[in-house]
């Protein structure tokens, strides 16, 4: 199967046709991608903060995932000239287009699992994080 690479121009004369659903699922199914996007839907996030918010994620994998999301133009990387150097990631407009798709997937998955998951995806615009129950995210400490 042909894997579309970011930045690769689509050639109508290409013999292999990519299904748009498979194209998106290949991006989203990379390990830790959903968790990284979840945090970015909540708020712009500094590099090391991802590691505290996503248990089990290591720096090497995080950098790979962020680089991939940047290549697909889903994430912005902003470097601040503070000392020590500070890097913050946020969603692009293209990245924010995934919101409704991910919420729909989450709702369907919760229904099939019979779980009561009040995912941060659905509360991304709320300043009040209390009451969120997301099994994949550590509890907020206030």
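Nothing in this text is a laboratory measurement; each read-out follows from the coordinates by a stated rule. From a predicted model like this one, the values you see are computed outputs, not experimental measurements. Note that we place each Cβ from the backbone using ideal geometry, even for glycine, and neighbour counts take in every protein chain shown.
Listing 19, 117 from the residue with the fewest other Cβ atoms within 10 Å to the one with the most, what is the order?
19, 117
Fewest to most neighbouring Cβ within 10 Å: what's the order for 45, 92?
Least to most surrounded, the residues fall as 92, 45.
How much FRET efficiency would the formula 1/(1 + (r/R0)^6) give for residue 21 and residue 43, where r is the Cβ-Cβ distance and R0 is 30 Å, rounded to 0.05?
Calculated value: 0.55.
Order the peptides 33-40, 48-55 from the highest to the lowest mean number of other Cβ atoms within 10 Å of their residues.
33-40, 48-55
Taking neighbour Cβ counts within 10 Å as the exposure measure, how do 112, 32 sort from fewest upward?
Ranking 112, 32 by Cβ neighbours within 10 Å, fewest first, gives 112, 32.
What share of all Cα pairs of the range 27-123, in percent, falls into each consecutive 10 Å distance bin?
The percentages, shortest bin first, are 15, 47, 30, 7, 1.
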